[in-house]
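To start, the structure under review is shown below, and the notes come after it.
The values are calculated or read from the model by the stated rules, or taken from the named source; none is laboratory data. The structure displayed is predicted, hence computed values, not measured ones. Cβ sites come from the backbone with ideal geometry, for glycine too, and all protein chains shown count toward neighbours. To get the accessible areas, we keep the full protein, side chains included, count just its heavy atoms, and leave off ligands, DNA and RNA. Shrake-Rupley method; radii C 1.70, N 1.55, O 1.52, S 1.80 Å.
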Amino acid sequence: MLERLVYVSTAARRQDLAGQAAAIAEEARTRNLEKGIGGALVAHDGHFVQALEGERPGLDQLLKRLEDDPRHYDLVLVDRWRVEERLFAGWAMAGVAMDAATRAGLDALIADRTLDPRPLVETLRGRAVPMSGTATYSAAAE
């Protein structure tokens with residue numbers, strides 16, 4: 001069953017967040033490709049916000065690894081829901097080209113983690129860009 005989730009976490013180090021996000025994406029690339037997981041990762045204002053999608057078992061395993069990752073803490077699963085199709089088809093891990101509306105959506109979700117993240121996820125997809133060194137996967141291989 002295909003699912004999508006969004007989490008927010010606090011970066012353990014606030015220096016060079018963009019570099020940290022790129023390193024995380026590079027490390028995750030191979031694992032995500034193998035597990036058929038895709039999504040987008042954003043580093044913003046001392047936090048990581050990530051939208052992920054894939055099959056339930058793969059997402060469960062990934063969440064467990066994320067909870068134990070020392071690069072961030074206070075991981076809050078904002079929402080998780082079933083989806084009929086991928087929004088991030090072809091992206092093992094996308095970055096996001098920031099604009100004022102995206103920053104405002106991220107600020108709101110970081111401040112209030114009870115908000116519905118779905119509109120922000122649509123924004124993230126619309127602003128998705130390759131992260132340095134990351135690859136895409138073939139959704140047709142599923």
(request) Specify which residue in the list ALA40, LEU2, ALA111 is farthest towards the positive end of the charge dipole of the chain, using unit charges on the beta carbon of Lys, Arg (+1) and Asp, Glu (-1), about the Cα centre. (result) ALA40
(message) Nearest 5 percent is fine: what portion of the DSSP beta bridges confined to the chain is antiparallel?
(response) 95
(request) Taking only Cα atoms and a 10 Å spring cutoff, compute GNM fluctuations for the chain and point out the largest among ARG125, ARG80, ARG65. (result) ARG65
(request) Please give the per residue accessible area of the stretch 20-142, computed with a probe of 1.4 Å over protein heavy atoms only, in Å². (result) 50
(request) Would you indicate which of [x] -0.94, -1.18, -1.32; [y] -0.61, -0.77, -1.04; [z] -0.48, -0.66, -1.00 is the value of log10 I(q)/I(0) by the Debye sum over Cα atoms at q = 0.13, 0.15, 0.18 Å⁻¹ derived from the coordinates of this structure? (result) [z]
(request) Could you check how much of the accessible area of the chain is carbon and sulfur, as a whole percent, using a 1.4 Å probe? (result) 51
(message) Placing unit charges on C-beta atoms (Lys and Arg positive, Asp and Glu negative, everything else neutral), compute the dipole magnitude of the chain about its Cα centre in debye, rounded to 20.
(response) 120
